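The values are calculated or read from the model by the stated rules, or taken from the named source; none is laboratory data. Keep in mind that what you see is a predicted model, and the values were worked out from it rather than measured. Don't worry about glycine lacking a Cβ; one is built from the backbone with ideal geometry, like all the others, and counts go over all protein chains shown. Just so you know, the surface numbers come from the protein's heavy atoms only, side chains and all, with ligands and any DNA or RNA stripped out. Shrake-Rupley method; radii C 1.70, N 1.55, O 1.52, S 1.80 Å.
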Amino acid sequence: MKCFPFWKGVMLSAALSFTYLSSHAQAFLDIEGGLVTGTRYNKVRILNQGGTLFNLAEDLRVQPQLFYRLRAGITLGRRHTITALYAPLTVRYEGTFPRDVNYNNVIFPSGQPLTADYTFNSYRLTYRYHVIDRPRFDLGLGLTAKIRDANIALRTENGALETNYDNVGFVPLINFWLQYKPTDRLSVLLEGDALGAKQGRAEDVFLGLTYGLTQNLRLKGGYRVVEGGADVSDVYNMNWINYASVGVVIGRWK
């Protein structure tokens, strides 16, 4: 009897797996936006050695700021979800410092009107496995690879003094997803990315409600918080930013 070649068996298994996953794939687009409602704190010291510690949220006035974020994803075989997120953010503060501030080796005198732009753009790739997948309850855990593109720019109103400090870095995070559906259309959702280490921490968490208008269109709304920062040789920055968030999900979502 002729043996079935090994490589043909591998190819057949791969083809069957691909066919199964494709037939069970659920693609979606998550569009979220809203208002940055405030910052509980935004503490900065740059350079970390020799710079002045100041708190943008206390020393200056935060300006109302709209935000948006885009997430594209696909769920394979119900339990495996892969997403890509683009989340730009710039928060503006205005006012005067109550004391002289040494920021990035530039001295900003007290009482001098100035503007501070705090930029924290985020790019993330996430894989999540849904450990529990039930009609009313869904629990997923995974890993997120995050690229942080941050910049803090200060400039006086008259333009005489201006400087900025930008920083791009990689941050690994734990992803989590907890969803409870009291009805077929309504769900309570807690999801986010978070991790802490000696050099700093990062949390980006959403808590809210979602409502399915159709099988492929779902509304969501709630509260989002971004908290954390870094304490390393050149940079000290710890922030807490609050969001009022609404959004729409197009396509098949968990």
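For region 94-147, trypsin sites (Lys or Arg not before Pro) are listed when DSSP marks them as loop and at most 15 other Cβ atoms sit within 10 Å of their Cβ; the list is 99, 136. Over region 150-226, Cα pairs under 8 Å with separation of 6+ residues give a relative contact order of 19 percent. Solvent-accessible surface (1.4 Å probe) assigned to residue 86 amounts to roughly 80 Å².
For residue 37 paired with residue 99, estimate the spin-label separation in nm (one decimal), with each label point 7 Å from Cα along the Cα-to-Cβ line. Label-label distance for residue 37 and residue 99, simple model: 3.2 nm. For the chain, the longest principal axis of the Cα atoms and the long axis of helix 6-23 meet at an angle of about 70 degrees.
Short-range pairs are left out: with C-alpha atoms under 8 Å and at least six residues apart, the relative contact order of the chain is 20 percent. Expressed as a whole percent, the accessible surface of region 194-247 that belongs to carbon and sulfur atoms is 64, based on a 1.4 Å probe. Split the accessible area of region 91-142 by element, probe 1.4 Å, and carbon with sulfur accounts for 56%. A cut-off of 5 Å between modelled amide H atoms, ignoring neighbours fewer than 5 places along the same chain, links residue 97 with 111, 112.
Stretched out straight at 0.36 nm per residue, the stretch from residue 125 to residue 183 would grow longer than its current Cα-Cα span by 17.8 nm. In the full protein context, the chain carries 53 Å² of accessible surface per residue, based on a 1.4 Å probe and ignoring ligands, DNA and RNA.
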